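The values are calculated or read from the model by the stated rules, or taken from the named source; none is laboratory data. On a predicted model such as this, the values are computed, not experimentally measured, just so you know. Quick reminder, even Gly has a Cβ in these numbers, built from the backbone with ideal geometry, and neighbours come from all protein chains shown. These accessible areas exclude ligands, DNA and RNA; they are computed on the full protein's heavy atoms, side chains included. Shrake-Rupley method; radii C 1.70, N 1.55, O 1.52, S 1.80 Å.
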Amino acid sequence: MAAADDLKFQEFDDAANLLAANPDATTISIDEPLLAGQKKSAPFWTFDYYQTFFDVDTYQVLDRIKGSVFPVPGKNFVRLYIRSNPDLYGPFWICATLVFTIAVSGNLSNFFIHLGKPTYRYVPEFRKVSIAATTIYAYAWLVPLALWGFLMWRNSKVMNIVSYSFLEIVCVYGYSLFIYIPTAILWIIPQKVVRWVLVVFSLCVSGSVLVMTFWPAVRDDNRRIAVATVATILLLHALLAVGCLAYFFDAPELDIPAPIIPAHNGTTVITKSH
């Protein structure tokens, strides 16, 4: 049986004295729990698995929205905002808000353009909601999926390429679309010049977020491949904005044929419609 003195706590020298006596010693910090930063992974068919993707507070979402609207030159959006806790909450609701904003604003724009015309009868176009939803969500998921696959393929060719997870890429694309929500509201203004100025401004803001995020991931690759990748990212982003503007707001008016009214003397009179 151990003596009573062996059971007492003993005082040891501080770490500085120990390291001075043995400089080659290896130290381990135990200030945090051993499993801190590790999360228990649940099976993908359970609700807990998907709940982790929405585990984000309001402050983080607002901070990421602010970072997408006011990008910091030279700063990587993933490293600055996303990598600590990527989420799907912000991208999901940003896309949903953008869908309804584009659909409603497109209907209002069409209404204000034809307001006051005697032959015009307003009919809500609910199909625009489904078209906008298909377009926005397909872009926010399929383009990141293709980009993630491409980066994974290039990472196998060039080992020093910066890699992003699929969730991080989806997160970047989702938050980059926020700038189009106020832009779609301002597209109600029936002035083409104003609309195109808003398109260019939105593309510069959101496009800079994408470029500053994905250029570090491809800059160590072949120069032509790197430039082509970034150019493709910007081209697809521009096609989304221009396509939404052209389809939902600048759709050509349908020419209604002028009614033909037979005259009593046998001649035909064609009335001009306005």
Return the total of residues in region 57-86 being open to solvent by less than 100 Å² (accessible area, probe 1.4 Å), among the hydrophobic types (A, V, I, L, M, F, W, C) and assigned to a loop (DSSP other than H, G, I, E, B).
1
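Rundown of residues vs (1) closer than 19 Å to residue 234 by Cα; (2) touching a Cys at 6+ places or on another chain (Cβ under 7 Å), yes/no style:
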position: 93; (1), (2): no, no
position: 110; (1), (2): no, no
position: 127; (1), (2): no, no
position: 130; (1), (2): no, no
position: 136; (1), (2): yes, yes
position: 144; (1), (2): yes, no
Looking only at region 122-136, and only at residues there that are outside any helix (DSSP H, G or I) and surrounded by fewer than 13 Cβ atoms within 10 Å (Cβ to Cβ), the one that is modelled with the lowest pLDDT:
122
What's the number of the condition residue 139 fails, among (1) within 27 Å of the chain's Cα centre (by Cα); (2) surrounded by fewer than 13 Cβ atoms within 10 Å (Cβ to Cβ)?
(2)
Taking residue 187 as the residue in question, decide whether it is modelled with pLDDT of 90 or more and under 15 Å from the mean Cα position of the chain (by Cα).
no
Would you mind stating whether residue 119 is modelled with pLDDT under 95 and β-branched (Val, Ile, Thr)?
yes
Please work out if residue 274 is at pLDDT 90 or above and either under 25 Å from residue 108 (Cα atoms) or assigned to a helix (DSSP H, G or I) (or both).
no
For region 148-205, name all the residues that are within 28 Å of residue 223 (Cβ to Cβ), of a type in the set (A, V, I, L, M, F, W, C), open to solvent by 50 Å² or more (accessible area, probe 1.4 Å) and in contact (Cβ under 8 Å) with a residue 60 or more places away in the chain.
150
Whichever residue in region 216-225 is in a helix (DSSP H, G or I) and without any contact (Cβ under 8 Å) to a residue 12 or more places away in the chain and, among such residues, is most open to solvent (accessible area, probe 1.4 Å)
224
Taking the stated definitions as given, is residue 213 in a helix (DSSP H, G or I), out of contact with any Cys (no Cβ under 9 Å at 6 or more places or on another chain), open to solvent by less than 10 Å² (accessible area, probe 1.4 Å) and of a type in the set (S, T, N, Q)?
yes
Does any residue in region 87-109 that is under 25 Å from residue 121 (Cβ atoms) and open to solvent by less than 20 Å² (accessible area, probe 1.4 Å) come within less than 7 Å, Cβ to Cβ, of a residue that is aliphatic (A, V, I, L, M) and not in a helix (DSSP H, G or I) six or more places away or on a different chain, and which pairs are these?
105/188; 109/188
Which one is nearest to residue 147 (Cα to Cα), of the residues in region 229-245 that are open to solvent by 50 Å² or more (accessible area, probe 1.4 Å) and without any contact (Cβ under 8 Å) to a residue 24 or more places away in the chain?
232
